[in-house]
Amino acid sequence: MKFNKISILAIAGALTLSACDDVNKQDPEGGMITQGQLTETYAAVPTRVDATFAGMFNMMGEPYGVFGTGRGRADDFGFVMAALSQDAEGADYIYPNSGYNWFSVCGEYTSRTPNYANPYIRYAIVYNQIKIANDLISSLGEFEDASNKNKVAQAKAIRAFDYLNLVPYFQFNYQGHQNDPCVPIVTPDTPDPANNPRASVQECYDLIMSDLNDAISVLGTARENKSRININVAYGIRARANLYMGKWADAAADAAKAMEGYEPATIEEVSTPTFVNADDHNWIWGIILTDDQAQDRYATSASWLSSFSASAYTAGAACYAMINSMLYDKIPATDVRKGWWVDANLHSPLLSTISWDGVTGDDISPLLIEDVKESFTPYTNVKFGMKRGIGNTMNSNDFPLMRVEEMILIQAEGLAKSGSEDQARQILENFVKTYRDPEYSSTAQNRSLADEIWYQRRIELWGEGFFMADANRLHKPVVRFHDDTNNVPDAFRFNIDPDDPWLLMRFSDSETNANAAIVNNTGGTQPKQDQNPGLRDGVTD
């Protein structure tokens, strides 16, 4: 595998896929069919329904799903790309500042530039999926059989999930900003998508909750596989929505429902590189990538998140996903998760459980394989393995969208903030002591209980896309450095105040050109190196 120098280019001019107004048009212009025609097609050809329904899920991690294979963007792989972008804009998830890093726009926060591809992809994947969900909701709503009702319920849950992947990034936290503009709402009843103003935060959450309530009233536990949505997933999405809105007791109750039937991964199970297989008993929901989709493509989670792929930007170009050493240093040595990253000397106990090219243990870290693997850098993650085996070129890693561990932490936070601190602390300590660190105490590092739960989320859910939504709802600054001794690249070394308008995503030029009613987010300036050195977040202090 040969690597050429990669630069991040702004996308100017025509894009290969339409903006969200085009994908939601309901008239037959440009060869698109009306909803009436689509309903007739579904009635006449039921297999068309099944294909559309499957496609709604398959696109979640599809390589080159927005720009197509002809453009070949290595950062174009669906919701996984959005999750990694959101973490790369945070404090804990770091890529090197190199020409191979397609996510450097997130590290330096030029991801607010409206004619760049990164913000466009993150917006387009959501509205493209909303388009499919809307088609299914509208066209199958007239069918009374259980199968089609189930498909509509899943489509509504997907639409709610989609809006939850927009709302926390286009406006500040729910409490105090309910009436502020967020994103356009597009449903089958939207009269003119080309003149569709931004809905308020409250209006977005009203749709989210309505969709989830409808889904929960229909869904059961059965489903085809874990890429689909059942009642556990719907409860889990609603738990997140309630958490974002500050409805703490409701969040805790929904999280308890979501985790029914699931158990966390044991200490032994996470003592080797893993988090790549949706069949694992602690996964509630995930993106399942087929071999046909994945192959050895660079636009996959394995290429950017696993340090063990033989066809990847991570190992092949030494573009490893690393933890911020400030957070790493806070993890006790007794916590199994300390081994999810190599230390400053490139050691991790997880490496003793695997071999690559005949090399085992810590010798994997400096291992050099021409055109395949470069030496690990300090704090490289070894949390994520390879589904097809270490050193495989088949990048078909699944990606976790929801794990039972997240639901436990939501339950603990919801209880703590709704007046049941003792119960919350017991749940938190039982989880960590049983499944991660037998010597854990929630008071050992003198944090508030709220900050202790956020700390646990930052360790447990690292690399799974939660940092920026959490920082937004908790009104926390992005703190990447205290001084110049940590491992954050110079160009990414800055802290951001939680009220800085630069944190809000911008609508892409293609979207504002297509939808005349959108008024873009403004304000703030791109962060500069070493700015705000005095900010603290309550976790890495």
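The values are calculated or read from the model by the stated rules, or taken from the named source; none is laboratory data. Quick caveat, the model's predicted, so the values are computed rather than measured. When we count neighbours, we look across all protein chains shown, and the Cβ atoms used for this are built from the backbone with ideal geometry, even at glycine. Protein only, heavy atoms only, side chains kept; ligands, DNA and RNA dropped before computing areas. Shrake-Rupley method; radii C 1.70, N 1.55, O 1.52, S 1.80 Å.
Structural remarks
- Leading residue by the ranking (least open to solvent (accessible area, probe 1.4 Å)) among those in the stretch 292-346 that are within 22 Å of W356 (Cα to Cα) and charged (D, E, K, R): R337
- Pick from the stretch 64-90, criterion in contact with a helix residue (DSSP H, G or I) (Cβ under 7 Å, 6 or more places away or on another chain) and charged (D, E, K, R), ranking: nearest to R458 (Cα to Cα): D87
- The requirement of being closer than 23 Å to Y123 by Cβ, charged (D, E, K, R) and touching a Phe, Trp or Tyr at 6+ places or on another chain (Cβ under 9 Å) is satisfied by D162.
- Residue in the stretch 424-435 that is small (G, A, S) and open to solvent by 10 Å² or more (accessible area, probe 1.4 Å) present: no
- Out of R473, R425, sole residue that is modelled with pLDDT of 95 or more, of a type in the set (K, R), touching a Gly at 6+ places or on another chain (Cβ under 8 Å) and outside any loop (DSSP other than H, G, I, E, B): R473
- Between W502, W454, the distinction of being among the aromatic types (F, W, Y), touching a residue at least 24 places away in the same chain (Cβ under 8 Å), in contact with a helix residue (DSSP H, G or I) (Cβ under 8 Å, 6 or more places away or on another chain) and open to solvent by 10 Å² or more (accessible area, probe 1.4 Å) belongs to W502 only.
- The set of residues in the stretch 251-277 being outside any loop (DSSP other than H, G, I, E, B), of a type in the set (G, A, S) and open to solvent by 50 Å² or more (accessible area, probe 1.4 Å) consists of A253 alone.
- Residue match in the stretch 395-418 (condition: open to solvent by 20 Å² or more (accessible area, probe 1.4 Å) and at positive phi): no
- Contact annotation: residue pairs with Cβ atoms under 8 Å, 6 or more positions apart or on different chains, pairing a residue in the stretch 511-526 that is of a type in the set (V, I, T) with a partner that is assigned to a loop (DSSP other than H, G, I, E, B) and open to solvent by less than 70 Å² (accessible area, probe 1.4 Å), are T512/P114; T512/I518; T512/N520; I518/P184; I518/N196; I518/R198; I518/F507; V519/R198.
- Checking each residue of the stretch 98-108 against the condition of being under 20 Å from N58 (Cα atoms), open to solvent by less than 10 Å² (accessible area, probe 1.4 Å) and in contact (Cβ under 8 Å) with a residue 60 or more places away in the chain gives no match.
- The residues in the stretch 361-394 that are part of a loop (DSSP other than H, G, I, E, B), of a type in the set (S, T, N, Q) and either under 22 Å from N486 (Cβ atoms) or at pLDDT below 95 (or both) can be counted, and the count is 3.
- Within the stretch 256-267, residues that are touching a residue at least 40 places away in the same chain (Cβ under 8 Å) sit with their Cβ atoms under 7 Å from residues that are open to solvent by 40 Å² or more (accessible area, probe 1.4 Å) and assigned to a loop (DSSP other than H, G, I, E, B), at 6+ positions apart or across chains, in these pairs: Y262/H281; E263/H281; A265/D280.
- Remark: pairs (first residue in the stretch 159-188, over 19 Å from S210 (Cα atoms); second residue open to solvent by 10 Å² or more (accessible area, probe 1.4 Å) and of a type in the set (K, R); Cβ separation under 7 Å; 6+ apart in sequence or on different chains) = N173/R473; P181/R198.
- Extreme residue, most open to solvent (accessible area, probe 1.4 Å), among residues of the stretch 347-372 that are closer than 21 Å to I323 by Cα and charged (D, E, K, R): D363
- Scanning the stretch 324-347 for residues that are closer than 21 Å to I390 by Cα and in contact (Cβ under 8 Å) with a residue 40 or more places away in the chain gives V336, R337, G339, W340, W341, V342.
- Every condition in (1) in contact with a Cys (Cβ under 9 Å, 6 or more places away or on another chain); (2) open to solvent by 20 Å² or more (accessible area, probe 1.4 Å) holds for N515 except the one numbered (2).
Listed here are the residues, each with its yes/no results for (1) in a helix (DSSP H, G or I); (2) hydroxyl-bearing (S, T, Y).
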site	(1), (2)
A91	no, no
N97	no, no
Y100	no, yes
G107	yes, no
P114	no, no
N118	yes, no
I121	yes, no
A124	yes, no
Y127	yes, yes
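- The condition of being in contact with a Cys (Cβ under 9 Å, 6 or more places away or on another chain) and either in contact (Cβ under 8 Å) with a residue 60 or more places away in the chain or open to solvent by 50 Å² or more (accessible area, probe 1.4 Å) (or both) holds for only one of P197, P193, that being P193.
- Any pair with Cβ under 7 angstrom, 6 or more apart, that starts in the stretch 374-389 at a residue that is more than 20 Å from K338 (Cα to Cα) and ends at one that is charged (D, E, K, R): K387/D398
- Total residues in the stretch 215-250, condition among the charged types (D, E, K, R), surrounded by fewer than 20 Cβ atoms within 10 Å (Cβ to Cβ) and either under 22 Å from L409 (Cβ atoms) or at pLDDT below 95 (or both): 1
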